[in-house]
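Student: For reference, the structure I am asking about is given below.
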Amino acid sequence: MKLLIRGVCIVTMNEEFEIIAPGSIVIDGNRLSYVGPAQSAPSGPFERSIEGGRLIAMPGLINSHCHSPANLVRGMMPSKPLEIWRAYYRASLRDMREEDFYASALLGGMEMLKTGTTSVLDHFFGNQACRFMGAGAAIQAMRDLGLRHVVALTLSDRNYEETIPLGSGAAAVGDEIKRMSQSEAKATQAWLDDCEAFIETFHAPDKLTTACPGPSAVQRCTDELLVKSAQMARRKSLPMHIHLAETKAQQLMGRQLYGTSLLQHLESLNVLDSNLSLAHSIWIDEGDVELFAGRGVTAVHNPASNLRLGSGLAPVKRYLAAGARVALGTDGAASNDSQNMFDAIRLSALIHNQAGTDFAQWTSPRQVLMMATVNGARAFGLDAGVLATGKLADVTLLRRDTPAFTPLNDLAGQLVFCENGSSVDTVIVNGEIVVESGRLKCMNEQEALALASKARERIDPSIQRELAAAKTMEPALAEMYARVFGD
Ligand SMILES: [Zn+2]
């Protein structure tokens, strides 16, 4: 389709942070064929034109870390440290089937699109009883919605009990943690074969899908799995995604296992590269920030999740000051619990402003908007995140006749501090209009919500049973948490 958006205020997110008003955008097929001043726009014919006088155009937001199976349990997980919370969250996955993964991804994807997100990285972990843990169903949901997606298949070949510093508490949680482990871990080669087949089956950028390896976390994988996953990603020119140093317990475990930081261990394995993105990256060591910058690795900041689970404050200002790349994510709905990127944007612009720190280095609206757009695109090799001629046509149009943009004082400041996603009017992904007047175009929203409610209802007996089993582990995990912070 050839589409013209005429007379719109364009936040390009290019290197000069150029704002063009009034500007025009022409979309030809799945690419932007013109982005510039309205008076120089090419003349038609166009199959469709949108009058942009009351609109703001920006690159579609890029949610750089989430877990789509978590949408069914939003709001109900306890606010507890990650290691305890994880036992409860995993309980919710045990009985999920393909149709539940579909419903969950549909729910989260719908929320994202309606609040201006056009691409998402889904670090997918589901149920081993399903083929590719159910990731195929999540991919189908995102294709049906028209949401661009990078699905990193979570790989982990170490028993869970060996990956957290349980100490003498190991005996107390023995049986239950082994049961958890058995439902998750698989042998190294089996994971690699699975991942290869997953990519072969689903990787199809023309269908909006990038499929890639997503080792769960450094300490949860053998060196062989980390190295071979990285080789696979490089060989196929794909991104790779890993959780890094989300909690202090993980940092401690890294020292116990490797005698270095988790990041330095990846460096010793020659895994660090510009195609690698590392979720959280909070508990890092001396020299790690420089390593991020030097290797072009992207740290993915998830402020809401980190606050919800008390994981800690990622050193975002230090990353930015060192010239390291930082992208932004919501994380899964079990620890956020919304999938609205405007929440993440606002939080990232607020929580780093701490008393007594160098205010010249507090995060600026421009930096935060870059995290939510161009930096995510670069991390995943997507030719998006910027409104410029030749880029993929992933565009979010916001109404400016809303309280958030009235009076219009400072566009970047208002996008970051005032907007909450409710001004989103039209969303275009890959040249297709997928949200119009704030509503999904290709799907009945009520039906999508009903599907999610039905799925949640079906898995409820399993969730209740598994939550009770997880509770038996809490005292030993709480003791571990106290010990980690008592050192
Ligand atoms: Zn995560």
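Student: Look through A279, A333 and report the one residue that is out of contact with any strand residue (DSSP E or B) (no Cβ under 6 Å at 6 or more places or on another chain) and surrounded by 22 or more Cβ atoms within 10 Å (Cβ to Cβ). Write out each step before concluding.
Tutor: Values: A279 fails: out of contact with any strand residue (DSSP E or B) (no Cβ under 6 Å at 6 or more places or on another chain).
Every option except A333 fails the conditions.
Student: Quick test for you: out of Q231, Q219, pick the one residue that is more than 16 Å from the ligand (Cβ to nearest atom), of a type in the set (S, T, N, Q) and assigned by TED's automatic domain parsing to the domain that holds L269.
Tutor: Q231
Student: May I ask you to list the residues in the stretch 171-212 that are under 27 Å from L392 (Cβ atoms) and of a type in the set (A, V, I, L, M)?
Tutor: I199, A204, L208, A211
Student: Mind checking whether some residue in the stretch 51-66 is touching a residue at least 60 places away in the same chain (Cβ under 8 Å) and touching a Cys at 6+ places or on another chain (Cβ under 6 Å)? Even if it seems obvious, please write down each step before you answer.
Tutor: Here is the first cut: in the stretch 51-66, the residues touching a residue at least 60 places away in the same chain (Cβ under 8 Å) are 52, 54-66.
Restricting the remaining residues to those that are touching a Cys at 6+ places or on another chain (Cβ under 6 Å) gives 56.
For the stretch 51-66, residues touching a residue at least 60 places away in the same chain (Cβ under 8 Å) and touching a Cys at 6+ places or on another chain (Cβ under 6 Å): present.
Student: Still on this structure: Looking at (1) farther than 30 Å from A468 by Cα; (2) more than 22 Å from the chain's Cα centre (by Cα), which one does M58 not meet, given that it meets all the others?
Tutor: (2)
Student: Now a separate question. For S274, state whether it is more than 15 Å from the ligand (Cβ to nearest atom) and of a type in the set (S, T, N, Q).
Tutor: Against the criterion (more than 15 Å from the ligand (Cβ to nearest atom) and of a type in the set (S, T, N, Q)), S274 qualifies.
Student: Whether any residue in the stretch 344-366 is within 15 Å of the ligand (Cβ to nearest atom), out of contact with any strand residue (DSSP E or B) (no Cβ under 8 Å at 6 or more places or on another chain) and not acidic (D, E) is what I want to check. Show your work before the answer.
Tutor: From the stretch 344-366, those within 15 Å of the ligand (Cβ to nearest atom) are 344; that's our starting set.
Subsequent filtering for residues that are out of contact with any strand residue (DSSP E or B) (no Cβ under 8 Å at 6 or more places or on another chain) retains none.
Scanning the stretch 344-366, I find no residue that is within 15 Å of the ligand (Cβ to nearest atom), out of contact with any strand residue (DSSP E or B) (no Cβ under 8 Å at 6 or more places or on another chain) and not acidic (D, E), so the answer is no.
Student: Please give the number of the condition E419 fails out of (1) modelled with pLDDT of 95 or more; (2) within 27 Å of T209 (Cα to Cα).
Tutor: Of everything listed in (1) modelled with pLDDT of 95 or more; (2) within 27 Å of T209 (Cα to Cα), E419 misses just condition (2).
Student: Right, here's the next one. Taking only the stretch 64-77 into account, find how many residues are in contact with a helix residue (DSSP H, G or I) (Cβ under 6 Å, 6 or more places away or on another chain) and away from the ligand (no atom under 14 Å from the Cβ).
Tutor: Total satisfying the criteria: 1.
Student: Suppose we filter D122, D175, D144, D157 for residues that are within 16 Å of the ligand (Cβ to nearest atom) and in the same structural domain as D194 (by TED's automatic domain parsing); which single one remains?
Tutor: Going through D122, D175, D144, D157 in turn, the sole match is D122.
Student: Related question: Can you tell me which residue in the stretch 320-334 is nearest to the ligand (Cβ to nearest atom), limited to those that are part of a loop (DSSP other than H, G, I, E, B) and among the aliphatic types (A, V, I, L, M)? Give the steps one after another, and end with the answer.
Tutor: Initial filter on the stretch 320-334 (part of a loop (DSSP other than H, G, I, E, B)): 322-324, 329-334.
Still in the running and among the aliphatic types (A, V, I, L, M): 322, 324, 333-334.
Numbers: A322: 24, A324: 20, A333: 11, A334: 9 Å.
By that ranking, first place goes to A334.
Student: May I ask you to list pairs of residues, at least six apart or on different chains, whose Cβ atoms are under 8 Å apart, with the first in the stretch 7-18 being over 15 Å from I56 (Cα atoms) and the second being not hydroxyl-bearing (S, T, Y)?
Tutor: From the stretch 7-18, the pairs are N14/V386; N14/L387; N14/A388.
Student: I've got another one for you. Got a sec? Which of R97, R54 is surrounded by fewer than 24 Cβ atoms within 10 Å (Cβ to Cβ), farther than 30 Å from L3 by Cα and of a type in the set (D, E, K, R)?
Tutor: R97
Student: More than 23 Å from R31 (Cα to Cα) and either in contact (Cβ under 8 Å) with a residue 60 or more places away in the chain or in the same structural domain as L208 (by TED's automatic domain parsing) (or both): which single residue out of T373, T357 fits that description?
Tutor: Checking each option against the conditions leaves just T357.
Student: Does the stretch 294-317 hold any residues that are aliphatic (A, V, I, L, M) and within 16 Å of the ligand (Cβ to nearest atom), and which are they? Write out each step before concluding.
Tutor: Start the filter on the stretch 294-317 by keeping residues that are aliphatic (A, V, I, L, M), which leaves 297, 299-300, 304, 307, 309, 313-314, 316.
Matches in the stretch 294-317: A299, V300, A304, L307, L309, A314.
Student: Could you list, in sequence order, the residues of the stretch 298-329 that are in contact with an Asp or Glu (Cβ under 7 Å, 6 or more places away or on another chain) and within 20 Å of L369 (Cα to Cα)?
Tutor: Passing the criteria: N302, A304, S305, A322.
Student: I need the helices (runs of 4 or more DSSP H) fully contained in the stretch 335-425, keeping only those with at least 1 residues that are small (G, A, S).
Tutor: Where helices (runs of 4 or more DSSP H) fall fully within the stretch 335-425 and carry at least 1 residues being small (G, A, S), they are 341-350, 374-380, 411-417.
Student: Taking the options A327, A379, name whichever one is small (G, A, S) and in contact with a Gly (Cβ under 8 Å, 6 or more places away or on another chain). Before the answer, list the steps.
Tutor: Values: A379 fails: in contact with a Gly (Cβ under 8 Å, 6 or more places away or on another chain).
Only one candidate qualifies: A327.
The values are calculated or read from the model by the stated rules, or taken from the named source; none is laboratory data. Keep in mind that this is a model prediction, so the values were computed, not measured. In this analysis, Cβ positions are derived from the backbone assuming ideal geometry, glycine residues included, and neighbour counts consider all displayed protein chains.
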